[in-house]
Amino acid sequence: MKKFTYFLMVTLVTLFTFSCSNDDDSGNGDVNNPKNSYLKVIIDGKEKTFNTIIVNKTIDEYEINVLQVTASINNESSEKINFTLKDGQIGSDATSKYGWFTYTINNKTYQESGFSHIISKNSNNKIEGTFSGKMNAYNNDAQQYEYKEFTKGEFKIQY
């Protein structure tokens, strides 16, 4: 129950951050995906290409530039992958302190659980990396976790 409460709090903060950051008039708002940006992954054996990428650049409370990435398929809101990272940081801990990967499908949000990612490029308005592993969501009706398996995840994003 503690994990679920923590997950719920982080999700609400993330949603609040996304909704408030869109009101920013500083010129750092959402940038729609150039055609050469993508996020590809196999989820539970089914290959998916997320071809609409939005990168929102914000400044956190320590005045550090943070990138919030949302990837969807054909700009549909029913299925998306989100992650947040420090602008310029690479490696396996690039999303540390800023959140983690989440996957939302039909209003159910899964979070990392035995998940790994490596950000290999994060400069000059380009982000590249790989990811794989499991994500989970708590099913209140069944009172147990549901899992999704992510394999061969990769992304190349230009914003």
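In the condition set (1) under 20 Å from I118 (Cα atoms); (2) at pLDDT 95 or above; (3) among the hydroxyl-bearing types (S, T, Y), T95 is compliant with all but (2).
Looking only at residues in segment 80-91 that are of a type in the set (D, E, K, R) and farther than 21 Å from K48 by Cβ, the one that is surrounded by the fewest Cβ atoms within 10 Å (Cβ to Cβ) is D87.
Quick check: is even one residue across segment 106-116 outside any strand (DSSP E or B) and within 12 Å of the chain's Cα centre (by Cα)?
no
Here segment 136-145 is the region considered, the condition is being assigned to a strand (DSSP E or B) and open to solvent by 50 Å² or more (accessible area, probe 1.4 Å), and the residue that is nearest to T58 (Cα to Cα) is Y138. Inside segment 110-135, can you point out the residues that are open to solvent by less than 30 Å² (accessible area, probe 1.4 Å) and either of a type in the set (D, E) or touching a residue at least 60 places away in the same chain (Cβ under 8 Å) (or both)? Scanning segment 110-135 gives Q111, I127, F131. Among the residues of segment 56-92, those identified as more than 13 Å from I127 (Cα to Cα) and assigned to a strand (DSSP E or B) are T58, I59, N65, S72, E79, K80, I81, N82.
Checked against (1) part of a strand (DSSP E or B); (2) open to solvent by less than 30 Å² (accessible area, probe 1.4 Å); (3) of a type in the set (S, T, Y), T95 meets all criteria but (1). Would you confirm, using the coordinates I've provided, whether S77 is open to solvent by 60 Å² or more (accessible area, probe 1.4 Å) and not basic (K, R)? Yes, satisfied. Could you identify the single residue in N51, N33, N65 that is at pLDDT below 95 and open to solvent by 40 Å² or more (accessible area, probe 1.4 Å)? Result: N65 is the single residue among N51, N33, N65 that is at pLDDT below 95 and open to solvent by 40 Å² or more (accessible area, probe 1.4 Å).
The values are calculated or read from the model by the stated rules, or taken from the named source; none is laboratory data. Predicted model only: the values in this text are computed from it and were never measured. Because the Cβ atoms are built from the backbone with ideal geometry, glycine has one as well, and the counts that use them run over all protein chains shown. In case anyone asks, the SASA skips ligands and DNA or RNA and just uses the protein heavy atoms, side chains included. Shrake-Rupley method; radii C 1.70, N 1.55, O 1.52, S 1.80 Å.
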